[in-house]
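Okay, so here's the structure we're looking at.
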Amino acid sequence: MADRCAASHLAGLDRAGGAVICLWPGAGLTGPKCLNEEIGYGTLFFVAAIMGLGAVIATSGLGEWIVGQASGLIGLAPGQPLRSTLALGAIATLVALVTNQPGVPLVMTPGAGHLAEVTGLPLATVLMTQALAFSNVMLPFQAPPLIMAAQTGNLPMREMTRICLILFGLTLLVLTPLDLVWWWCLGMFPLS
């Protein structure tokens, strides 16, 4: 037991050490003025606020309300696995638009058991519909790393938005059907 605790402690140090090495001025991976002059603190505060927004929406009950309203509008029912799976993916994508990508599990996971009962889908399938939302980035603000990349790379937000919308369409048309086929092969997506 002591060895396992020591190993997990060392693994944590490895990750923290990796971050320190990447940011260490002598490593040459970042410029000497990177943290003080090249990174806009406004972007960092924006990313922190966006990530905090997901937590506030989840803990305030607003997320549960959004999921309840959306599932009521869609009319989830057992016996319709394809419709229910696509509807849950749409609800998760809506939650990602209202919060952000990190906010999806905060909002969707607590109600997953109830959604599994309502849809008749296995709990694992209901939880996996969150992955559909993770891969459906419609707008750059949904993924805080995209905001950081735009800021540090001086990328125009208009181009970032255009690329996100194109990838969103491709994801809906290509990746979502492939996901469903893969889930069916794994036995996570019942056809009847």
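The values are calculated or read from the model by the stated rules, or taken from the named source; none is laboratory data. Since this is a predicted model, take the numbers as computed values, not measurements. Neighbour counts are summed over all protein chains in view; Cβ atoms, including those assigned to glycine, are modelled from backbone coordinates with ideal geometry. Accessible surface is based on the protein model in full, side chains and every heavy atom, while ligands, DNA and RNA are left aside. Shrake-Rupley method; radii C 1.70, N 1.55, O 1.52, S 1.80 Å.
Here are the numbers for this structure:
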{"read-out": "Every residue from the stretch 121-134 that is surrounded by 18 or more Cβ atoms within 10 Å (Cβ to Cβ) and either within 10 Å of the chain's Cα centre (by Cα) or touching a residue at least 40 places away in the same chain (Cβ under 8 Å) (or both)", "value": "Leu121, Thr125, Met128, Thr129, Gln130, Leu132, Ala133"}
{"read-out": "Breaking point among (1) open to solvent by 40 Å² or more (accessible area, probe 1.4 Å); (2) over 23 Å from Ser71 (Cβ atoms); (3) in a helix (DSSP H, G or I); (4) free of Cβ contacts under 8 Å to residues at least 12 places away in the same chain, for Leu167", "value": "(4)"}
{"read-out": "Residues satisfying the stated conditions in the stretch 141-150, i.e. over 18 Å from Val98 (Cβ atoms), of a type outside the set (Gly, Ala, Ser) and open to solvent by less than 70 Å² (accessible area, probe 1.4 Å)", "value": "Met148"}
{"read-out": "Every residue from the stretch 148-192 that is in contact with a Pro (Cβ under 7 Å, 6 or more places away or on another chain) and not polar (S, T, N, Q)", "value": "Ala150, Met157, Met160, Cys164, Met188, Phe189, Pro190, Leu191"}
{"read-out": "Single residue of Val107, Val95, Val118 found to be in contact (Cβ under 8 Å) with a residue 24 or more places away in the chain, over 17 Å from the mean Cα position of the chain (by Cα) and assigned to a helix (DSSP H, G or I)", "value": "Val118"}
{"read-out": "Total residues in the stretch 89-120, condition more than 23 Å from Leu53 (Cα to Cα) and open to solvent by 10 Å² or more (accessible area, probe 1.4 Å)", "value": "6"}
{"read-out": "Selected residue (only one of Leu106, Leu13 is within 27 Å of Met148 (Cα to Cα) and modelled with pLDDT under 75)", "value": "Leu13"}
{"read-out": "Residue check for Leu86: exposed (fewer than 14 other Cβ atoms within 10 Å of the Cβ), assigned to a helix (DSSP H, G or I) and over 13 Å from the mean Cα position of the chain (by Cα)", "value": "no"}
